[in-house]
């Protein structure tokens, strides 16, 4: 098996964790391609939350996101024999997820209702932001968190599909510009430009919750 | 009550809140179950179309249509499937070639008076010149076959007026042509059209003026029939006398191609 470091661009495997992950993925993919169907479950368990997160943040509806995540894994399973080592498995999987979601969003352009997952107010990321924004506690804090969550999701849904995708992949999922460019099949400059514009729009929408 | 911290809050901070939106653990159990089902469905070979139709409830609807559609199919099949022992064009051709030319004089009915020369009539004299192909020759031979007494007398009249004979043979030829066209290539059961009665074409023609006048009269009669009810009531209402009524009717008439109205 060719190690990922020899195949993938250096920027994509910059971190040692990402490199290890890519190597492990390639090994599992090779097993699935050899006919070991059960090995695909390992990939599903490794990526299901991340793929669901991307789709959920793009579509803003948990039921649709669950269906699309399942479909994404089925598509990956069906076409895994076509997967080659030019890209990391997760980039390939993300591309399937994003393309499926974009197709779904184009089909149901008029339908826009949110069905959100519970915001874990005790998670370190949320706790820090909520502490900075409010002095309330208990039920009032939960109400404020819910209101902020709705406003945030609403603002995200107001972005165009492409801008929303860039923001989701960069700010929420933590991909870098090059990875996003690869997933979205566009240039890095386009990614940066879209990201800048999307943040400007979000700043205008969420101004009451920002503090300088 | 604690005070909010004074650290700045940016868009990036707010977006990071989205990382804290997570589905409950039970969600993943359902997710895995659903994914397993879809995965198994993807592994199974695609079923044939009739099984998928059965799943969608097509066959109960088909059951209502089965009888009429089946009957229609059977009838169509009866028309299209050739009979094993049926006559084809080739057979007819053989039969036709075996028909010997019959002198016209021999076909004359015993009591008929005909002033025909004694010389036998050759087939080419009976069959029109245009009918040169074997098929049409067959038709001509059929036309003079003694099975039909009307046709049998036709050659007898040929000596006097050859035109009817020509038309009769052409009528038979038309039927034979249809047989050859339909039955020759696809072996469809030949159904020769029944030959039409021989009528002089000029006798069939009706002068246009007479035809138009007849049409107008028909229209007037039908209008009178339609207006019969109301007119009777009108009569009762206005108490018209019989003479006056007929006088009014007689004011309208048709002659030739026109309509007259007398005032």
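Neighbour counts of other Cβ atoms within 10 Å put A:92, B:28 in the fewest-to-most order B:28, A:92. The GNM of chain A, with springs linking C-alpha atoms under 10 angstrom apart, assigns the highest mean-square fluctuation among A:117, A:41, A:140 to A:140. Result for chain A in a Gaussian network model with C-alpha springs under 10 Å: among A:159, A:148, A:43, the largest mean-square fluctuation is at A:148.
As a size descriptor, the averaged projected area of the C-alpha convex hull of the range A:80-212 was calculated at 10.1 nm². Against the main long axis of the alpha-carbon atoms of chain A, helix A:188-205 sits at an angle near 20°. The P(r) of the range A:99-152 has a tail past 16 Å containing 52 percent of all C-alpha pairs. Two numbers describe the Cα atoms of the range A:56-149: Rg and Dmax, which are 18.0, 54 Å.
Between 0 and 90 degrees, the angle of helix A:138-158 with respect to the longest Cα principal axis of chain A falls at about 60 degrees. Which FRET efficiency, nearest 0.05, do residue A:128 and residue B:44 yield, Cβ-Cβ r, R0 60 Å? So the FRET efficiency works out to roughly 0.75.
Backbone N atoms of the range A:129-156 closer than 20 Å to the 7 Å Cα→Cβ label point of residue A:200 belong to residues A:155-156. In chain A, the longest principal axis of the Cα atoms and the axis of helix A:62-78 are about 10 degrees apart. Rounded to 0.05, the FRET efficiency of the residue A:190 and residue A:107 pair, given R0 = 30 Å and the Cβ-Cβ distance, is 0.80. Relative contact order of the range A:54-212: 26 percent, from C-alpha pairs under 8 Å at least 6 residues apart in sequence. Using a Gaussian network model of chain A in which every pair of alpha carbons under 10 angstrom is joined by a spring, one finds that among A:58, A:119, A:169 the greatest mean-square fluctuation is at A:119. Note on residue A:33 and residue B:7: with the Förster distance fixed at 56 Å, the Cβ-Cβ geometry gives a FRET efficiency of about 0.70.
Bear in mind these aren't lab numbers, they're just calculated from the coordinates by the rules spelled out. The model shown is predicted, which means the values in this text are computed figures rather than measured ones. FYI the Cβ positions are ideal-geometry reconstructions off the backbone, even for glycines, and counts take in every protein chain you see.
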